[in-house]
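Read through the structure below, which is laid out as structure tokens, and then see the notes.
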Number of protein chains: 2
Amino acid sequence: MKTDMNSWSGADGLSEFDLIRNHFSHVGSRRADVAVGIGDDCALLKVPQGYELAAGIDTLVAGIHFFPACDPEGLGHKSLAVSLSDLAAMGAEPAWATLALTLPDADESWLNAFSRGFGRLAERHGVALVGGDLTRGPLTITVQVQGLVPAAAAVLRSGARPGDLVWVSGTLGDAGLALRLLDAGESVSEFLRRRLERPTPRVELGLALRGIATAMIDLSDGLAADLGHILAASGVGAEIRLPDLPLSPAVSERLAVDADWGLPLASGDDYELCFCVPEHKCAQIATLAKRLGIRLRTIGHIRPEGGLHCLLENGATWNPPRAGYDHFAAAG
Amino acid sequence: MKTDMNSWSGADGLSEFDLIRNHFSHVGSRRADVAVGIGDDCALLKVPQGYELAAGIDTLVAGIHFFPACDPEGLGHKSLAVSLSDLAAMGAEPAWATLALTLPDADESWLNAFSRGFGRLAERHGVALVGGDLTRGPLTITVQVQGLVPAAAAVLRSGARPGDLVWVSGTLGDAGLALRLLDAGESVSEFLRRRLERPTPRVELGLALRGIATAMIDLSDGLAADLGHILAASGVGAEIRLPDLPLSPAVSERLAVDADWGLPLASGDDYELCFCVPEHKCAQIATLAKRLGIRLRTIGHIRPEGGLHCLLENGATWNPPRAGYDHFAAAG
């Protein structure tokens, strides 16, 4: 069966080999630490002494993670952004990426737009595309990113301690709201659409939080699930104040109507960072927010008792409905 | 849309989190150079000083690279084997793998068998599974492997020089014949089936050829295409003698009937190594073959004039039909 697809023998007559050369051989940054890039059996990469390698892999599937007809340039951006967000959450500096792209057909204009979106974000973060695999099949995109972090300096999920304050960057629930509106066939503002389709990986913030944050994660599955991972890995619990969640005007307005805290707590795709900071280091966060021009907000604190407690304005506890909170339940 | 799949809310009620813990958290070898494995945003890995990192990524798609109903244990084996084969072709020692698995449903017995096949091969080669992503969608498997190679010791595609002899390991065309028989609904011997479904990555051979081979590639797309990559990267040509191709009895018999050299030359999935060796080092190859218990055969030589020339027994040139030789044409 493999033989059938080797040649990518579409009407255009271009081989996999041609497609890679045309669309991917010059994507991203050039880096002196790439001894061999695209074009051999493997890439050969140089990790500087005293550094550890951070590696993460993410897949986006058409019809599950994105609409098949969505803008390919945005998709190229997002497929790299979600992986860079994982590096950010470790405090690792992005270095190299590999791309496994499965496509139903060899559509050159699609490939051109996809590689442009991917390449621009790669250049912004100094990432070299060092290898990949192009196969025929249902549209699926897997990106592995690799980053560098000084030995023992990475910020893990497991370091949260009672008394630490819990912080989040940006605003929560925007991508989830965009998705709900699109699913319902309603119009979506440019702001919300960009939050869904062009997420900004918080790379600089993640780097700056080394030595400050005790634990960190990126928000891909929603705050409740992802903070739940920190709590489980650290063996602690947390109390967060729902009125303190940072919300865009669009999400605030929606909440005023339906009071569904599931939107900021449990919808995914925000790609903001959630991190824990000991109280005596919290003064540094304000400086950081100003320097990076990013909104950073404290939403609660870590406590010894397990589980995530969400307080409403009146001090009552808000209990999330069971369905859709699997991660959270598993971690709590 | 992402939100829909977070919970993997199948009838079994298991989350992605549960599935990874149940089936993948203990797969492969434990390695001291894994600072953080599965369970954080990224894995954290230690590359020893003086080594380069070799990284390769490969995707297998149901219906393209394998039959959707094929044995999942074999598929677990093969999905890692094809990536290990890339490391072998660089002379790199396997170290770590990440696995991006897209599945139509959370079938626990399938996952169990898949992870067993993947895990056994990983253990045999000392590979730790350090991360992954489990998503819902059409069955697609992407594996990234990473290996270690002393700085500047990797064997590239670009080092072949006129006068070098061209060698291949094992036998050619077995997987291709198995596929043809299966496609035609005919019976397949256990030998041929294993060659297709359980390929043996030539890791030890690749390591042993450092310092001996001038150029190397693994045979995933067929000898003509893959040797073509060496020729293009090295700026040389080659002459090979078709009667010298190493063939199993099954492929020999088939050739005796239809004289279709496309079977050993252009069918993929053999995962043998093709490599070039200067004449004065060829005596070492016999020793190597004996030590490793692998059949190694010289099939021709490198020459300055570009292109791949295939000689028949009577000295005439065999010209492959154009269709299905895209890679080869691009490289020639």
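I'd like the Karplus ³J(HN,Hα) series for segment B:203-211: coefficients 6.51, -1.76, 1.60, θ = phi - 60°, whole numbers in Hz, and an x wherever there's a Gly or Pro.
Computed from phi, the couplings for segment B:203-211 are 5, 5, 5, x, 5, 5, 8, 4, x Hz.
Where Lys and Arg each count +1 and Asp and Glu each count -1, what net charge lies around A:Gly293 among other residues with Cβ under 13 Å from its Cβ?
Cβ neighbours under 13 Å give a net charge of +3.
Given the alpha-carbon gyration tensor of the protein assembly as shown, what are the semi-axes of its equivalent ellipsoid in whole angstrom, ordered largest first, with each equal to the square root of 5 times an eigenvalue?
Result for the protein assembly as shown: semi-axes of 48, 24, 22 Å.
When each copy gets a label point 7 Å from Cα toward the beta-carbon at A:Ala316, what are the spacings between them in nm, shortest first?
9.1
Give me B:Phe66, A:Phe67 ranked fewest to most by other Cβ atoms within 10 Å of their Cβ, as a rough exposure proxy.
A:Phe67, B:Phe66
For segment A:2-150, just list the percent of Cα-Cα distances falling in each 10 Å bin from zero outward, please.
Binned Cα distances yield the sequence 11, 43, 34, 11, 1, 0.
Let me check I've understood the local charge: for B:Pro243, count other residues with C-beta under 14 angstrom from its C-beta, Lys and Arg +1, Asp and Glu -1. What total comes out?
With Lys, Arg at +1 and Asp, Glu at -1, the neighbours total -1.
On a 0 to 90 degree scale, rounded to 10, what angle separates helix B:283-292 from the longest Cα axis of chain B?
So the helix axis and the longest Cα principal axis differ by about 40 degrees.
Hand me the tally of lysine pairs in the protein assembly as shown: alpha carbons under 28 angstrom apart, and the pair either on different chains or 8 or more positions apart.
So the count of such lysine pairs works out to 9.
Below 8 Å between Cα atoms, with a sequence gap of 6+, how large is the relative contact order for chain B in percent?
The normalised contact order for chain B reaches 21 percent.
From the residues A:Leu53, A:Ile38, A:Ala81, which one has its Cα farthest along the dipole of the protein assembly as shown in the positive direction, the dipole being from +1 and -1 charges on Cβ of Lys/Arg and Asp/Glu about the Cα centre?
Checked the options; the winner is A:Leu53.
Please identify, among B:Gly39, B:Gly228, B:Gly91, the residue showing maximal mean-square fluctuation in a Gaussian network model of chain B using a 10 angstrom Cα cutoff.
Comparing B:Gly39, B:Gly228, B:Gly91 in a Gaussian network model of chain B, the most mobile one is B:Gly39.
Sorted from fewest to most neighbouring beta carbons within 10 Å, what does the list B:His125, A:His301 look like?
The fewest-first ordering by Cβ neighbours comes to A:His301, B:His125.
Over chain B, what is the percentage of antiparallel beta bridges among all DSSP beta bridges, to the nearest 5?
That works out to approximately 75 percent antiparallel.
More than 23 Å apart: what percent of Cα pairs in segment A:159-242 qualify?
In whole percent, the long-distance tail amounts to 34.
How long is chain B along each principal axis, judged by its Cα atoms, biggest number first, in Å?
Principal extents (largest minus smallest coordinate, Cα): 66, 52, 36 Å.
If the label for B:Ala259 sits 7 angstrom from Cα along the Cα-to-Cβ line, what are its distances to the same label in every other copy, in nm to one decimal, shortest first?
8.5
Within a Cβ distance under 13 Å of B:Gln284, other residues only, what is the Lys/Arg minus Asp/Glu net charge?
+3
Around A:His309, which amide H atoms from residues at least 5 apart in sequence, or from another chain, sit under 5 Å from its own amide H, with H modelled in the peptide plane?
Here the answer is A:Ala238, A:Glu239, A:Ile240, since their amide H atoms fall under 5 Å of that of A:His309.
What ranking of B:Tyr51, A:Tyr271 emerges when the number of other C-beta atoms within 10 Å of each C-beta is taken as an exposure proxy, fewest first?
Fewest to most other Cβ atoms nearby, the residues stand as B:Tyr51, A:Tyr271.
I'd like the mean, over residues of A:227-237, of how many other protein chain beta carbons sit within 10 Å of each residue's own Cβ.
For peptide A:227-237, the averaged partner shielding equals 1.
Would you work out the charge dipole size for chain B about its Cα centre, treating the Cβ of every Lys and Arg as +1 and the Cβ of every Asp and Glu as -1, and quote it to the nearest 20 debye?
Magnitude of the dipole: close to 1020 debye.
Shortest first and in nm with one decimal, please list how far the A:Pro104 label point sits from its counterparts in the other copies (point 7 Å along Cα→Cβ).
1.6
Excluding the sites themselves, what is the longest stretch of chain B that contains no GluC sites (Glu not before Pro) in a DSSP loop with at most 16 other C-beta atoms within 10 Å?
That would be B:1-185.
Where a number appears in this text, it was derived from the coordinates with a stated rule and is not lab data. Computed from a prediction, not measured in an experiment: that's the story for all the values here. Because the Cβ atoms are built from the backbone with ideal geometry, glycine has one as well, and the counts that use them run over all protein chains shown.
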